[in-house]
Amino acid sequence: MSVIIYDGDCGICQRLLNFVLHRSRSNPTALVNQNLAQFSELTFIPQKLAKEQVLWIENEKIYAGSQAIAEVFKTMPAFWRLLGFVINLPGLRSVSQMIYLQIGRKRHKISELLYGKACEIPKQDKKRKDKYDTL
């Protein structure tokens, strides 16, 4: 089972999620918007971490931030899969996490500048509601 926990109010997060859902070879079994009230009931998820970074949970292992993005990229075709491995190379992992955190701190402002208001359900959820459990 794999789960993506994302910020549903962040346009960057939503765009990334739509991008992944259209290209991933093994789509996640659950998409969790960390802004919904039910999210706090999921006690196995580090709540503070999930509020600050995207999480990818697979086989009971939790990946956060740039490492989560790298693991998600590894489920995608050629170029993206390679990028997932590159992001996790020694030395690049800490640099990619630093960049991720800088963007993450300003994600709502960046989202607004790039995409306008960002309050939508990822498009793939609407089309394939039967395939995903969403909260």
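Residues checked against (1) polar (S, T, N, Q); (2) without any contact (Cβ under 8 Å) to a residue 40 or more places away in the chain:
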| site | (1), (2) |
| --- | --- |
| 11 | no, no |
| 14 | yes, no |
| 19 | no, yes |
| 35 | yes, yes |
| 38 | yes, no |
| 48 | no, yes |
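The residue list 26, 40 contains one member that is of a type in the set (Ser, Thr, Tyr) and in contact with a strand residue (DSSP E or B) (Cβ under 8 Å, 6 or more places away or on another chain), which is 26.
The set of residues in the stretch 47-95 being surrounded by fewer than 19 Cβ atoms within 10 Å (Cβ to Cβ), polar (S, T, N, Q) and not in a loop (DSSP other than H, G, I, E, B) consists of 47, 94. Scanning the stretch 34-46 for residues that are outside any helix (DSSP H, G or I) and farther than 19 Å from residue 100 by Cα returns 35, 36, 42, 43, 44, 45.
In the stretch 18-30, which residue that is in a helix (DSSP H, G or I) and in contact with a Lys or Arg (Cβ under 9 Å, 6 or more places away or on another chain) is surrounded by the fewest Cβ atoms within 10 Å (Cβ to Cβ)? The residue in question is 22. For residue 85, the conditions (1) touching a residue at least 12 places away in the same chain (Cβ under 8 Å); (2) closer than 20 Å to residue 18 by Cβ; (3) not β-branched (Val, Ile, Thr) are fulfilled apart from (2).
Values quoted throughout were computed directly from the atomic coordinates according to the rules given, and no laboratory measurement underlies them. Model, not experiment: these values are computed from the prediction. Because the Cβ atoms are built from the backbone with ideal geometry, glycine has one as well, and the counts that use them run over all protein chains shown.
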